[in-house]
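The values are calculated or read from the model by the stated rules, or taken from the named source; none is laboratory data. Everything numeric in this text was worked out from a predicted model, so none of it was measured. Heads up, the Cβs are rebuilt from the backbone with ideal geometry, glycines too, and the neighbour counts pull from every protein chain shown.
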Amino acid sequence: MLLLNPRRTRTNMKLLQLVWIFLLTLCGQSGVTAITVKEDDDVILDCSFGSTNIEKKAFAWKKDVDQSNEEVFWYSGGDTDPGPEFKGRVSHFPDQLRFGNASIKITKAKTSDSGTYTCYHASVQKEIKSTISLTVDPILKPRPEIKGAAPRPIVTVDKTKDEVLLT
């Protein structure tokens, strides 16, 4: 017969909960989230500062391009500045800043938007809050008629007893 000490069991459960929270926190800080969307879709890149009100703080989103960083979005105490490639296509959630939400939305994603995005706390030595790998899959579109281009292909099928010939 196994006797359990209720006090020791509660202590072990609390310890297990603390270890679990630590592991979740550690994974959340160092992990890269992968997101895939179709071209022309909207996408939200998540970033959280926990429950800290960031209305008067500074944060930024950058995209890693050929070992340099491209400005995507900058926020500082109410002022915003989208990067040139994202002007008119990137926005944030001002009503969510008081809850620590620094997420951004990219509208009409382009295949050139594919890459690794980093959200960081701009005033605390660039403390990274979120890293996201975004893949934008292209939509295959019919090719427009171009003067002088080859016409649409015509395929004929010739069947014999043993083979099929496509011309």
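What residue, of THR160, THR135, THR156, THR167, is surrounded by 13 or more Cβ atoms within 10 Å (Cβ to Cβ), of a type in the set (S, T, N, Q) and out of contact with any Leu (no Cβ under 6 Å at 6 or more places or on another chain)? Even if it seems obvious, please write down each step before you answer.
Details: THR160 fails: surrounded by 13 or more Cβ atoms within 10 Å (Cβ to Cβ); THR156 fails: surrounded by 13 or more Cβ atoms within 10 Å (Cβ to Cβ); THR167 fails: surrounded by 13 or more Cβ atoms within 10 Å (Cβ to Cβ).
None of the other options fit; the residue is THR135.
Counting just the residues of the range 72-86 that are acidic (Asp, Glu) and more than 20 Å from SER133 (Cβ to Cβ), which one comes out surrounded by the most Cβ atoms within 10 Å (Cβ to Cβ)?
First pass over the range 72-86, keeping only residues acidic (Asp, Glu): 79, 81, 85.
From what is left, the residues that are more than 20 Å from SER133 (Cβ to Cβ) are 79, 81.
On the way: ASP79: 8, ASP81: 11.
Ranking the candidates gives ASP81 first.
Just give me the residues in the range 99-117 being more than 9 Å from the chain's Cα centre (by Cα) and within 10 Å of TRP61 (Cα to Cα), in sequence order.
Of everything in the range 99-117, those that are more than 9 Å from the chain's Cα centre (by Cα) and within 10 Å of TRP61 (Cα to Cα) turn out to be ALA102, SER103, ILE104.
When you look at ARG89, is it modelled with pLDDT of 90 or more, under 23 Å from GLY50 (Cβ atoms) and surrounded by 10 or more Cβ atoms within 10 Å (Cβ to Cβ), yes or no?
Considered against the rule, which asks whether it is modelled with pLDDT of 90 or more, under 23 Å from GLY50 (Cβ atoms) and surrounded by 10 or more Cβ atoms within 10 Å (Cβ to Cβ), ARG89 comes out as no.
Sort out which residues of the range 38-57 are surrounded by fewer than 16 Cβ atoms within 10 Å (Cβ to Cβ) and assigned to a strand (DSSP E or B), and write them in order of number.
Once the filter is applied, which keeps residues that are surrounded by fewer than 16 Cβ atoms within 10 Å (Cβ to Cβ) and assigned to a strand (DSSP E or B), the range 38-57 yields LYS38, ILE44.
Right, ALA109: buried (at least 16 other Cβ atoms within 10 Å of the Cβ), out of contact with any Phe, Trp or Tyr (no Cβ under 6 Å at 6 or more places or on another chain), hydrophobic (A, V, I, L, M, F, W, C) and in contact (Cβ under 8 Å) with a residue 40 or more places away in the chain or not?
Details: buried (at least 16 other Cβ atoms within 10 Å of the Cβ): yes; out of contact with any Phe, Trp or Tyr (no Cβ under 6 Å at 6 or more places or on another chain): yes; hydrophobic (A, V, I, L, M, F, W, C): yes; in contact (Cβ under 8 Å) with a residue 40 or more places away in the chain: yes.
For ALA109, the condition - buried (at least 16 other Cβ atoms within 10 Å of the Cβ), out of contact with any Phe, Trp or Tyr (no Cβ under 6 Å at 6 or more places or on another chain), hydrophobic (A, V, I, L, M, F, W, C) and in contact (Cβ under 8 Å) with a residue 40 or more places away in the chain - is met.
State yes or no: is THR156 more than 16 Å from the chain's Cα centre (by Cα) and hydroxyl-bearing (Ser, Thr, Tyr)?
On the way: more than 16 Å from the chain's Cα centre (by Cα): yes; hydroxyl-bearing (Ser, Thr, Tyr): yes.
Spelling it out, THR156 is indeed more than 16 Å from the chain's Cα centre (by Cα) and hydroxyl-bearing (Ser, Thr, Tyr).
Residue by residue through the range 58-70, note down the ones that are at pLDDT 90 or above and either surrounded by fewer than 19 Cβ atoms within 10 Å (Cβ to Cβ) or not charged (D, E, K, R) (or both).
Correct list: ALA58, PHE59, ALA60, TRP61.
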